[in-house]
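Notes for the one structure printed next.
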Amino acid sequence: MKQVASLLRQGAAGMGLALPAAAIDQLTGYLELLVKWNRVYNLTAIRDDAKLVSHHVLDSLATVSHLPDGNIVDVGSGAGLPGIPIAISCPGRVVTLLDSNQKKGAFLKQAIAELGLASTQVVTQRAESYRPSELFKTVISRAFSDLADYVKLAGHLCAPDGVMIAMKGLHPDDEIALLPSSWQVEKTLRLEIPQIDASRHLVFLRPTPITTPN
(Lines give C-alpha, C1' and ligand atoms only; values in the text may rest on other atoms or scores of the structure.)
Protein backbone atom coordinates (compact mmCIF):
# COMPACT_ATOMS: atom_id res chain seq x y z
CA MET A 1 0.00 0.00 0.00
CA LYS A 2 2.91 2.31 -0.72
CA GLN A 3 0.98 4.74 -2.90
CA VAL A 4 -2.06 4.94 -0.60
CA ALA A 5 -0.86 7.92 1.45
CA SER A 6 0.03 9.86 -1.71
CA LEU A 7 -3.37 9.14 -3.28
CA LEU A 8 -5.11 10.19 -0.08
CA ARG A 9 -3.20 13.48 0.05
CA GLN A 10 -3.87 14.20 -3.63
CA GLY A 11 -7.57 13.38 -3.25
CA ALA A 12 -8.05 15.52 -0.14
CA ALA A 13 -6.25 18.43 -1.79
CA GLY A 14 -8.38 18.02 -4.90
CA MET A 15 -11.50 18.46 -2.77
CA GLY A 16 -10.01 21.38 -0.85
CA LEU A 17 -10.31 19.39 2.35
CA ALA A 18 -7.95 20.38 5.17
CA LEU A 19 -7.35 17.19 7.12
CA PRO A 20 -5.95 16.99 10.67
CA ALA A 21 -2.24 16.21 10.90
CA ALA A 22 -2.74 12.58 11.88
CA ALA A 23 -5.51 11.88 9.36
CA ILE A 24 -3.46 10.46 6.48
CA ASP A 25 -1.72 7.96 8.78
CA GLN A 26 -5.09 7.00 10.34
CA LEU A 27 -6.79 6.59 6.96
CA THR A 28 -3.88 4.49 5.70
CA GLY A 29 -4.08 2.39 8.86
CA TYR A 30 -7.82 1.98 8.36
CA LEU A 31 -7.34 0.66 4.83
CA GLU A 32 -4.60 -1.72 6.01
CA LEU A 33 -7.02 -3.09 8.61
CA LEU A 34 -9.77 -3.36 6.02
CA VAL A 35 -7.54 -5.36 3.67
CA LYS A 36 -6.41 -7.63 6.51
CA TRP A 37 -9.93 -8.37 7.79
CA ASN A 38 -11.32 -8.62 4.29
CA ARG A 39 -9.44 -11.87 3.73
CA VAL A 40 -11.75 -13.56 6.24
CA TYR A 41 -14.86 -11.40 6.57
CA ASN A 42 -15.43 -10.24 2.97
CA LEU A 43 -16.06 -6.62 3.93
CA THR A 44 -15.59 -5.22 0.42
CA ALA A 45 -15.41 -6.57 -3.13
CA ILE A 46 -12.71 -4.00 -3.99
CA ARG A 47 -9.16 -5.40 -3.87
CA ASP A 48 -7.21 -2.69 -5.70
CA ASP A 49 -5.45 -0.18 -3.41
CA ALA A 50 -6.17 2.82 -5.63
CA LYS A 51 -9.88 1.98 -5.79
CA LEU A 52 -10.01 1.43 -2.03
CA VAL A 53 -8.78 5.02 -1.70
CA SER A 54 -11.08 6.54 -4.31
CA HIS A 55 -14.29 4.52 -4.05
CA HIS A 56 -14.28 4.10 -0.27
CA VAL A 57 -12.26 6.81 1.48
CA LEU A 58 -12.49 9.77 -0.91
CA ASP A 59 -16.13 8.93 -1.62
CA SER A 60 -16.77 9.18 2.13
CA LEU A 61 -14.65 12.29 2.69
CA ALA A 62 -16.56 14.12 -0.04
CA THR A 63 -19.48 14.40 2.39
CA VAL A 64 -17.52 16.14 5.16
CA SER A 65 -17.81 19.76 4.00
CA HIS A 66 -21.58 19.33 3.59
CA LEU A 67 -22.36 17.91 7.04
CA PRO A 68 -24.19 20.01 9.63
CA ASP A 69 -22.69 20.31 13.10
CA GLY A 70 -23.66 17.86 15.82
CA ASN A 71 -23.70 14.13 16.40
CA ILE A 72 -23.98 11.72 13.48
CA VAL A 73 -25.04 8.13 12.91
CA ASP A 74 -23.84 6.07 9.96
CA VAL A 75 -26.71 3.68 9.20
CA GLY A 76 -25.72 0.31 7.73
CA SER A 77 -22.09 1.25 8.30
CA GLY A 78 -20.72 -2.08 7.02
CA ALA A 79 -16.96 -1.64 6.85
CA GLY A 80 -17.24 1.80 8.45
CA LEU A 81 -18.18 3.84 5.42
CA PRO A 82 -18.65 6.74 5.50
CA GLY A 83 -18.47 6.88 9.31
CA ILE A 84 -14.81 6.07 9.95
CA PRO A 85 -13.36 8.50 7.37
CA ILE A 86 -15.74 11.16 8.74
CA ALA A 87 -14.61 10.46 12.31
CA ILE A 88 -10.94 10.62 11.30
CA SER A 89 -11.38 13.90 9.45
CA CYS A 90 -13.45 15.47 12.26
CA PRO A 91 -11.66 14.61 15.54
CA GLY A 92 -13.89 14.91 18.57
CA ARG A 93 -17.10 14.64 16.58
CA VAL A 94 -19.48 12.10 18.13
CA VAL A 95 -20.01 9.39 15.50
CA THR A 96 -22.08 6.24 15.88
CA LEU A 97 -21.51 3.31 13.50
CA LEU A 98 -24.73 1.30 13.24
CA ASP A 99 -24.80 -2.15 11.64
CA SER A 100 -26.72 -5.33 12.49
CA ASN A 101 -23.99 -7.73 11.28
CA GLN A 102 -21.96 -9.12 14.18
CA LYS A 103 -18.81 -9.77 12.13
CA LYS A 104 -18.84 -6.27 10.71
CA GLY A 105 -19.48 -4.95 14.21
CA ALA A 106 -16.38 -6.79 15.44
CA PHE A 107 -14.29 -5.21 12.68
CA LEU A 108 -15.66 -1.74 13.45
CA LYS A 109 -14.86 -2.08 17.16
CA GLN A 110 -11.31 -3.23 16.38
CA ALA A 111 -10.83 -0.40 13.89
CA ILE A 112 -11.93 2.40 16.24
CA ALA A 113 -9.75 0.93 19.01
CA GLU A 114 -6.62 0.68 16.83
CA LEU A 115 -7.20 4.08 15.23
CA GLY A 116 -7.84 5.79 18.57
CA LEU A 117 -11.25 7.17 17.64
CA ALA A 118 -12.38 7.93 21.18
CA SER A 119 -15.55 9.79 20.16
CA THR A 120 -16.79 6.96 17.93
CA GLN A 121 -18.98 4.08 19.08
CA VAL A 122 -20.35 0.93 17.46
CA VAL A 123 -23.95 -0.23 17.84
CA THR A 124 -24.75 -3.71 16.54
CA GLN A 125 -28.49 -3.51 15.97
CA ARG A 126 -30.98 -3.25 13.16
CA ALA A 127 -31.75 0.39 12.35
CA GLU A 128 -35.48 -0.02 12.95
CA SER A 129 -34.84 -1.51 16.43
CA TYR A 130 -32.27 1.02 17.62
CA ARG A 131 -33.57 3.49 20.19
CA PRO A 132 -30.74 5.89 21.13
CA SER A 133 -30.88 7.98 24.30
CA GLU A 134 -30.27 11.07 22.15
CA LEU A 135 -31.45 11.61 18.58
CA PHE A 136 -28.97 12.55 15.86
CA LYS A 137 -28.47 15.85 14.06
CA THR A 138 -27.26 13.92 11.02
CA VAL A 139 -28.33 10.47 9.86
CA ILE A 140 -26.27 9.31 6.88
CA SER A 141 -26.16 6.16 4.78
CA ARG A 142 -24.20 4.81 1.87
CA ALA A 143 -25.94 2.13 -0.21
CA PHE A 144 -28.19 1.19 2.71
CA SER A 145 -31.52 1.10 0.86
CA ASP A 146 -33.75 3.13 -1.40
CA LEU A 147 -34.95 6.45 -0.01
CA ALA A 148 -38.44 5.29 1.00
CA ASP A 149 -37.04 2.39 3.05
CA TYR A 150 -34.31 4.62 4.44
CA VAL A 151 -36.75 7.06 6.03
CA LYS A 152 -39.04 4.20 7.09
CA LEU A 153 -36.29 2.23 8.85
CA ALA A 154 -34.07 5.04 10.17
CA GLY A 155 -36.20 8.20 10.19
CA HIS A 156 -36.90 7.84 13.91
CA LEU A 157 -33.18 8.36 14.61
CA CYS A 158 -33.25 11.91 13.23
CA ALA A 159 -33.69 14.84 15.62
CA PRO A 160 -36.61 17.18 14.86
CA ASP A 161 -34.13 19.79 13.63
CA GLY A 162 -31.84 17.20 12.06
CA VAL A 163 -31.30 15.96 8.52
CA MET A 164 -31.08 12.59 6.80
CA ILE A 165 -28.45 12.33 4.07
CA ALA A 166 -28.35 9.56 1.48
CA MET A 167 -25.22 8.96 -0.59
CA LYS A 168 -26.24 8.00 -4.13
CA GLY A 169 -24.67 7.47 -7.52
CA LEU A 170 -26.99 8.74 -10.25
CA HIS A 171 -29.58 11.32 -9.24
CA PRO A 172 -32.36 9.12 -7.77
CA ASP A 173 -35.43 10.68 -9.41
CA ASP A 174 -37.45 7.46 -9.22
CA GLU A 175 -36.68 7.00 -5.52
CA ILE A 176 -37.55 10.63 -4.74
CA ALA A 177 -40.92 10.17 -6.42
CA LEU A 178 -41.71 7.29 -4.04
CA LEU A 179 -40.90 9.15 -0.82
CA PRO A 180 -43.76 9.23 1.69
CA SER A 181 -45.42 12.60 2.17
CA SER A 182 -44.03 12.83 5.70
CA TRP A 183 -40.54 13.46 4.26
CA GLN A 184 -39.32 15.94 1.69
CA VAL A 185 -36.12 16.56 -0.23
CA GLU A 186 -34.45 19.70 1.05
CA LYS A 187 -31.78 19.66 -1.66
CA THR A 188 -29.55 17.43 -3.74
CA LEU A 189 -25.86 18.02 -4.40
CA ARG A 190 -23.73 16.64 -7.19
CA LEU A 191 -20.27 15.75 -5.92
CA GLU A 192 -17.03 15.97 -7.87
CA ILE A 193 -14.67 13.40 -6.38
CA PRO A 194 -11.04 13.10 -7.48
CA GLN A 195 -10.07 9.71 -8.94
CA ILE A 196 -13.74 8.75 -9.54
CA ASP A 197 -15.18 9.07 -13.03
CA ALA A 198 -18.80 8.43 -12.09
CA SER A 199 -21.86 10.28 -10.91
CA ARG A 200 -22.18 10.91 -7.16
CA HIS A 201 -24.97 12.77 -5.35
CA LEU A 202 -26.03 13.62 -1.82
CA VAL A 203 -29.75 13.76 -1.08
CA PHE A 204 -30.80 15.79 1.99
CA LEU A 205 -34.11 14.82 3.56
CA ARG A 206 -36.11 16.54 6.29
CA PRO A 207 -39.48 15.80 7.86
CA THR A 208 -42.30 17.61 6.08
CA PRO A 209 -43.54 20.45 8.32
CA ILE A 210 -46.95 19.76 9.81
CA THR A 211 -49.39 22.48 8.88
CA THR A 212 -52.32 23.20 11.13
CA PRO A 213 -55.47 24.97 10.00
CA ASN A 214 -55.99 28.51 11.27
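Which numbered condition in (1) open to solvent by 10 Å² or more (accessible area, probe 1.4 Å); (2) farther than 27 Å from Thr188 by Cα is the only one that Pro91 fails?
(2)
Which one of these is open to solvent by 10 Å² or more (accessible area, probe 1.4 Å) and not hydroxyl-bearing (Ser, Thr, Tyr): Ile210, Ile165?
From the options Ile210, Ile165, the qualifying one is Ile210.
Going through Ser54, Ser65 one at a time, which residue ends up being closer than 25 Å to Gly169 by Cα, surrounded by fewer than 15 Cβ atoms within 10 Å (Cβ to Cβ) and within 15 Å of the chain's Cα centre (by Cα)?
Ser65
Restricting to the stretch 139-162, give me the number of residues that are assigned to a loop (DSSP other than H, G, I, E, B) and either open to solvent by less than 50 Å² (accessible area, probe 1.4 Å) or at pLDDT 95 or above (or both).
The qualifying residues number 2.
What tally of residues in the stretch 128-173 results from selecting those that are among the small types (Gly, Ala, Ser) and in contact with a His (Cβ under 9 Å, 6 or more places away or on another chain)?
Of the residues in that region, 2 qualify.
Identify the residue in the stretch 1-36 that is touching a Lys or Arg at 6+ places or on another chain (Cβ under 9 Å) and open to solvent by 40 Å² or more (accessible area, probe 1.4 Å) and, among all such residues, is nearest to Ser89 (Cα to Cα).
Across the stretch 1-36, the extreme among qualifying residues is Leu19.
Taking Val73 as the residue in question, decide whether it is open to solvent by less than 20 Å² (accessible area, probe 1.4 Å) and touching a residue at least 12 places away in the same chain (Cβ under 8 Å).
yes
Which residues, taken from the stretch 52-69, are closer than 23 Å to Gly105 by Cα and either among the charged types (D, E, K, R) or assigned to a loop (DSSP other than H, G, I, E, B) (or both)?
Asp59, Thr63
The values are calculated or read from the model by the stated rules, or taken from the named source; none is laboratory data. Everything numeric in this text was worked out from a predicted model, so none of it was measured. A quick note on method: Cβ atoms are made from the backbone with ideal geometry, for glycine too, and the neighbour counts reach across all protein chains shown. The protein model used for the area step is the full one, side chains on, heavy atoms only, and it has no ligands, DNA or RNA in it. Shrake-Rupley method; radii C 1.70, N 1.55, O 1.52, S 1.80 Å.
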